[in-house]
Structure formats: C-alpha cells, structure tokens
Amino acid sequence: MCGIVGYVGPKIATPLLLEGLKRLEYRGYDSAGVAIMNGAGVETVKEAGKIAKLELLLDATPVTGTTGIAHTRWATHGPPNQVNAHPHMSQDGSVAVVHNGIIENATVLKQMLQGRGYVFRSDTDTEVLAHLIEECFDGNLEDAVLEALLQVEGTYGIAVISSVDTHKIVAARKGSPLLLGLGENEYFIASDVSAILAHTRQVVYLEDGEMAVLDAGGYRVIDMDAVEITKNVAHIDWDLAQIERGGFSHFMLKEIFEQPQTVEQTMRGRLLDDEGTSKLGGLNLSDEELLSFTNIVITACGTSWHSALIGEHMLEELARIPVEVEYASEFRYRNPVVDEKTLCIVISQSGETADTLAAMREAKRRGARTLGIVNSVGSTIARESDGGIYIHAGPEIGVASTKAFTSQVVALLLFTLKLGRLRGMSQERGQEIIAGMRALPQHIQTILDRAQEIEDIAEEYKRASNFLYLGRGYNFPVALEGALKLKEISYIHAEGYPAAEMKHGPIALIDEMMPVVFIATHDAVFEKITSNVHEVKARKGRVIAVTSRDEDALEGLLDYEFRVPETSDLLMPILASVPLQLLAYYIAVKRGANVDQPRNLAKSVTVE
Ligand code: M6R
C-alpha cells in the first residue's frame, strides 16, 4: 500500500528518497513521486508506473536540494496516472503533501475550497489537504498543518514541505503508520522502517494524533493542541541483509527457504521441555488471569486468518476452551459477544492492517483483553495490544506471506502449550508436542531440499485455469492457504475447501482439466480423505497429493505425490504448507508473473 519517505539534513535528498522508495516497492504501488526544496521553491517530479521510470525522469532533469518528501501511491481515489501521483501541490505551489490513508470528508472540503477559488487538478482526496494547508498558512507550516487537520475526517499519515517556511518537514499521523528516523544531523520520516534502515536504526514511532516537526537541527513531537510530547527512541534489530534478496531470484523464494530458521526463531528460548509448556514473557498475564477467560476470539485477515483457524483447532483440542475465529473486517461491524471474560487474539504479520487494528480496538472497547501475534516489531498492533507474542520471523518483503504463516502457527502452538497445561493438558502430552516442534526446522529443510520435485509438478500444471485445494481437520486451513497463495501470485482461480464439502457443490467442477491438490497426510482423518480422492478420480480429476507415508489406500489414484516427513496432526500444517508455497511460487514464475509485487495487491493493507 502507499509508502512515504522524507529527508532533511546536509545531503542531497533525491538519491536518498529514491533509495527509500525502492525499499518500499514491496508494499505495492502504481505510481511514485518526489517533492524537493530546490532553493527557489518546491519542485515535484512524479510518474505513473514503476520507480525506475521516475528515476529516469530525475536522471534527465535532476532536482537538487537537501529537504524532500517522496511517495509510492496505491490508487484509491482516481486512476493510477501521473496527475494523481503524489506529492500534491497547493494552488500557489508553495505546499507539497504526500499522504497515506483516506480523507473521508474530501468532497465537502473540496466544495468549500472551490468556493474560495481553488482549482483542483487531480481526482485525489490528498489534493484537498494541500489546498487546505495553503488556505490555513500564515507563515508557520506546523500551525497551518495543525489547523488543516482539525477540519479533516478520515485517516492519514502525511508529510508536508513548504517553500515559504523552508527546510523542515511536518508529519502527522492518524490511522496510518509513520516513524521518524534519527541520524547524525539528519532526520527521516517513513511509513515503514525498511525505507530508512540503510541510514539509521534509531526510530521514534508516531502515535495517532501526533505531529512531528523535523529539521536538520532536530525534531519535536506535539499533539493536536500543540503541546510537546516526550517520545521514546526505539532501536531496530533488523539489518540490511534481511531486507535484501541475498542471491534468491525473489523475496518470496528467499522467505520460503528461510523457514527452517524462522520457525526456530519463533520457538527460541520459549520451550520448557521438562514441564511440557512454554514461557511467553510478553503476554503480560498471570496464570490466574489466563485461567479467568471463558472464551477466546481470534481475529485477523488473509493468511493470518488461516493461521487463526489452525490456532482454533489447537486451542479447542488441547486447552478445551471455546474459540471463535473472525475476519477482522466483519468482526468490527457486527455485535459480537465479547466482554472482559474474553481473550481476543489478534494476528497480523505487519501489525498495521487497518481492519485488524480496528477489530482489536473494538474488542478492547468491549472490555476484552487483547494479545497480538505480530511480526513487525513496534507496529501499531504490537504497541496497542495488552500483551503479545512476537513471531520473530524477520522482515517479510514478498507480498505473499509465507514465513510469517508458519511462524504464526508456531506462536499459536506456544500459546496453546501454555494455556493447555494450565487447563489440564498432561505434562507428557506437552513434552510430546515439544519434541515434535524441535524437529520442525530439520523437517522443513528436507522439504526444501526437494524443491525441484515441486518445480516439476508446476511445469505440468502451469497452464491450468482453475485449481481446487482440499484438506480436512488441521489441514483444511492449509488448503485455504495453498489456494490463496496460488491465486494471489499466479492469477489462477483457486479455491480451498474442507474435502468433504466438495460433494456439496464444487464436485460439479471436476473434469480432466481440473487439478485437485489434496493434503492427504497420515492423520486422524486420513481414511476420510481417501474417499474424497476416489470421488475426484472417478470424475477424471487430476490429483496432486501432499502425503506423509506410502499409503496402499492411495495406490493408483495420484497423478503426482509429494511426501513430507511424518509429524503429529497439529504440526502437520507447518510442514504441508511449504510444498504448497513452492507450488504457487514456481507456477507463478513459469507464467511470467511478478511474484514479489502481484498486481493490485499491497503488502500491508492500511485502508479499510
Ligand atoms: O499483515 P497482516 O498479516 O495483517 O496481513 C493480512 C493479509 O493482508 C495478508 O495475509 C494477505 O492475505 C497476504 N497477501 C497473503 O499472502
């Protein structure tokens, strides 16, 4: 989704801004631009399409200055063309604004401004803000931004520069992430830490309702009443290598291959082998408090929602507590039964997904205790939840979530061990699960070592127009996740179903053109899924199966088989999802799709 980067300091801003924009590419965008104080005024250069096109323009006509802001836009209001790209200028050209989020009362403000003679050039809601700041300007940029924002409804992360009140950037946040990067006599503003990581690891996160003023001499943070706020400086542990491709052809492939390490990182220091439980320092809950909850609601979107479904299964089986999984976008608009006896677990890789954040706030409002299972350290969900479990998977750049998924499942299992042992699960059962968890990194590695087998299957099916993914029990969410991976990066229509549901409708689709991926590992429902394989084969469907042992019952039924190591039922989703990630990846690459930046998708969906 849209990205912001800004720089003020002694260096020439353009290369720093372009570098920052490139680091934000993974978030998804369709146009990009910069605005720089060039000594005489604010100059903007913007272009539809890739940053490389913007770079060509800037090479042809360089813009020199040491204060600037830049943006990657993911279209919401108006098509992705040059005019709608950010930064947007005010009528007299004195103010430039970049903006993430949506101004909900843009139409009303636009009419008011048109009434005062402002002429609009773009279809965007952001242009309203640029004119409004000009209208409020009386010599001091932060005063003008403050006054303008008081009239705005909606969400924003903004950065603003002015040719009158020069050499400063004013930034403000409400509902859309922003952070300050603190360098040596230089300061950055960014919507995502990866944009500035090459220059500093010292950051200050802005909260909703806060505004920052940066110049080469320092920074100040104030609230909407202009009262100064003292902020903590956070240190980012990630290093640059983690946000680079490191010899892999795509971030997605790199991240798939990182999973032996990332799963290990999620578990590190948290397993108590002897007691058969886990140690989770960030929960901020005593054992008594954990025992006081009568139900759990897990809310998330996309892949994180799939991991939530696996968590539901684990928690109900081992901790014997009622669990409900809700799409975050639905949760907030109904009237859920949630109160102070409810534990609300919120899962998000980015920690910034707008729907998930809003669902968490709604759960809090209703009195629930909230726990965030989050990857991005310092993200809004991580900061606003009452406690949580960082999954420690490291930065995930590929739009298709892979390593975050397997680590989310591990984190949910860690929590299940903790709660399960408190609620009567035996020590032996806990120890058995931990032994299985400890073997996961090695098992994942053996799957990755055979990636070529999956690439061969991909070659066979790369021209398919549809795919079905079927699984049961713990592997039903794996089917959903396998289908999501394939559709988002290869654009092949794919559906995941609980295998037995197939005969209630999707079976009508099966013919010799339909590849059906079964997750048919040896578990409690293996015999049941065998019948479903027969049903597909009887209708000439093509069967690709992820299995875990040589099964007589599947003899002669499979067109392709990929064997994963045996493990317990509840750990199988972690292993079974890896070949499906690879299958989606190889099919997409063979179809020539842009795997890391699939069309229309954003890494972090920060608008509702
Ligand atoms: O950052 P989050 O985990 O909150 O993101 C949720 C979804 O937007 C995300 O999982 C999305 O579905 C991915 N593109 C899946 O690969």
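The values are calculated or read from the model by the stated rules, or taken from the named source; none is laboratory data. Treat the numbers as computed from the prediction; the structure is a model and nothing was measured. With ideal geometry, Cβ positions are generated from the backbone for all residues, glycine too; neighbour counts draw on all protein chains shown.
Scanning the stretch 42-90 for residues that are out of contact with any strand residue (DSSP E or B) (no Cβ under 9 Å at 6 or more places or on another chain) and on the phi > 0 side of the Ramachandran plot returns a single hit, Gly78. Taking the stretch 293-371 and the strands (runs of 3 or more DSSP E) fully enclosed by it, no element has 1 or more residues that are within 13 Å of the ligand (Cβ to nearest atom) and more than 24 Å from Lys403 (Cα to Cα). One residue alone among Glu147, Glu207, Glu186 is surrounded by fewer than 20 Cβ atoms within 10 Å (Cβ to Cβ), under 26 Å from the mean Cα position of the chain (by Cα) and of a type in the set (Asp, Glu), and that residue is Glu207.
Being more than 17 Å from Leu412 (Cα to Cα), small (Gly, Ala, Ser) and either in the same structural domain as Leu290 (by TED's automatic domain parsing) or surrounded by fewer than 18 Cβ atoms within 10 Å (Cβ to Cβ) (or both) holds for only one residue in Ala354, Ala382, Ala319, and it is Ala354. Out of curiosity, is Glu512 touching a residue at least 60 places away in the same chain (Cβ under 8 Å) and outside the structural domain of Ser307 (by TED's automatic domain parsing)? When the stated conditions are applied, Glu512 does not pass them. For the stretch 203-246, which residues satisfy the criterion of being assigned to a loop (DSSP other than H, G, I, E, B) and among the β-branched types (Val, Ile, Thr)? Correct list: Val227, Thr230, Val233, Ile236. With respect to the conditions (1) assigned to a helix (DSSP H, G or I); (2) under 12 Å from the mean Cα position of the chain (by Cα); (3) not aliphatic (A, V, I, L, M), Glu428 falls short on a single one, namely (2). Where strands (runs of 3 or more DSSP E) fall entirely within the stretch 1-72, none has at least 3 residues that are without any contact (Cβ under 8 Å) to a residue 40 or more places away in the chain, surrounded by fewer than 21 Cβ atoms within 10 Å (Cβ to Cβ) and not hydrophobic (A, V, I, L, M, F, W, C). The residue pairs whose first member lies in the stretch 106-132 and is in the same structural domain as Gly157 (by TED's automatic domain parsing) and farther than 24 Å from Ser163 by Cα, whose second member is at pLDDT 95 or above and not basic (Lys, Arg), and whose beta carbons are closer than 8 Å, counting only pairs six or more residues apart or on different chains, are Ala106/Val128. Could you list, in sequence order, all residues of the stretch 521-578 that are modelled with pLDDT of 95 or more, assigned to a helix (DSSP H, G or I) and of a type in the set (S, T, N, Q)? Passing the criteria: only Ser577. Number of residues in the stretch 484-523 that are within 15 Å of the ligand (Cβ to nearest atom) and under 19 Å from Glu561 (Cβ atoms) equals 1. The criterion of being at pLDDT 95 or above and either more than 22 Å from Val164 (Cα to Cα) or not assigned by TED's automatic domain parsing to the domain that holds Ile12 (or both) does not hold for Met89.
Kindly indicate whether any position in the stretch 267-284 is surrounded by fewer than 20 Cβ atoms within 10 Å (Cβ to Cβ), among the hydroxyl-bearing types (Ser, Thr, Tyr) and over 24 Å from the mean Cα position of the chain (by Cα). Looking through the stretch 267-284, none of the residues is surrounded by fewer than 20 Cβ atoms within 10 Å (Cβ to Cβ), among the hydroxyl-bearing types (Ser, Thr, Tyr) and over 24 Å from the mean Cα position of the chain (by Cα).
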